[in-house]
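J.: Structure below; questions to follow.
The values are calculated or read from the model by the stated rules, or taken from the named source; none is laboratory data. In this text the structure is predicted, and so the values were computed from the model without any measurement. Heads up, the Cβs are rebuilt from the backbone with ideal geometry, glycines too, and the neighbour counts pull from every protein chain shown. Side chains included, ligands, DNA and RNA excluded: accessible areas come from the protein's heavy atoms. Shrake-Rupley method; radii C 1.70, N 1.55, O 1.52, S 1.80 Å.
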Amino acid sequence: FFSARGADIELKMSEVRNADSTAEFAPVVQGLKEVDNAAALAKIKTVYEQRCLLYFFAKEKSAWITRGKGNIRLQKHEDSSLYQMVLYEEKTFKLRLCAIIHPTAKLSANEGSDRTWTFACTDFSEAEEGKGVIQSCAIKFRNSEIADKFKAEYEKYQEMNKKSSSKKTEKKEEAKKEEVKQEAKKEDKTAK
């Protein structure tokens, strides 16, 4: 009795396994277009990458909230010559941190941990209309050696950003001086 029934079930199961699916699934979100960002990505060079945990400080809760787990990347953008920090979450690939390494921002050791650095930055990961949000962040690494290596790299690229921004400031000042000279020449011509 049981063996005939078992064979019957096995026959039906094999039919199910061999059947082709006719189910069709419509996308939940409509109107999305695929964007080709290969040209933009070609202008960005990753100079340092390390796995970490990212935390943001929530003022309303007075606690550190886990923001994401993934690889923190220090990247150089060719057009602006500035270095930035970027973190995409590991499994979802959501952008969790996008911040320029500010020349005056300092990494501070988190109390009670030799493998965590805290810092303040302007985060553009959820920016609307190019406006970033000032965040208190913490980055936690696997061990203190990796954390120290990250700090050394961060400070190296921070110094490069400082030099780059001072060069841009000098160029702007030179352009303003040149503009003043041009206006002075025009005034001299009109006065004659």
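J.: If only one of Y88, Y55 is more than 26 Å from S165 (Cα to Cα), in contact with a strand residue (DSSP E or B) (Cβ under 8 Å, 6 or more places away or on another chain), touching a residue at least 24 places away in the same chain (Cβ under 8 Å) and open to solvent by 30 Å² or more (accessible area, probe 1.4 Å), which one is it?
T.: Y55
J.: Evaluate the following for F57: is it part of a loop (DSSP other than H, G, I, E, B) and among the aromatic types (F, W, Y)?
T.: no
J.: Out of everything in segment 162-182 that is surrounded by 13 or more Cβ atoms within 10 Å (Cβ to Cβ) and small (G, A, S), what residue ends up being modelled with the highest pLDDT?
T.: So the residue we want is S164.
J.: Got at least one residue in segment 10-17 being in a helix (DSSP H, G or I), of a type in the set (S, T, Y) and surrounded by 10 or more Cβ atoms within 10 Å (Cβ to Cβ)?
T.: Yes.
J.: Moving on. So which residues in segment 92-133 are modelled with pLDDT of 90 or more and charged (D, E, K, R), if there are any at all?
T.: K94, R96, K106, D114, R115, D123
J.: Now for a different question. Just give me the residues in segment 128-152 being touching a residue at least 24 places away in the same chain (Cβ under 8 Å) and open to solvent by 20 Å² or more (accessible area, probe 1.4 Å), in sequence order.
T.: If the condition is that a residue be touching a residue at least 24 places away in the same chain (Cβ under 8 Å) and open to solvent by 20 Å² or more (accessible area, probe 1.4 Å), then G132, Q135, S136, K140, R142, N143, S144, I146, K149, K151 are the ones that fit.
J.: Return yes when E159 is open to solvent by less than 80 Å² (accessible area, probe 1.4 Å), within 25 Å of K45 (Cα to Cα) and among the charged types (D, E, K, R) and no when it is not.
T.: Considered against the rule, which asks whether it is open to solvent by less than 80 Å² (accessible area, probe 1.4 Å), within 25 Å of K45 (Cα to Cα) and among the charged types (D, E, K, R), E159 comes out as no.
J.: Using the structure shown, decide if A120 is at negative phi and either open to solvent by less than 50 Å² (accessible area, probe 1.4 Å) or in contact with an Asp or Glu (Cβ under 8 Å, 6 or more places away or on another chain) (or both).
T.: In short, no.
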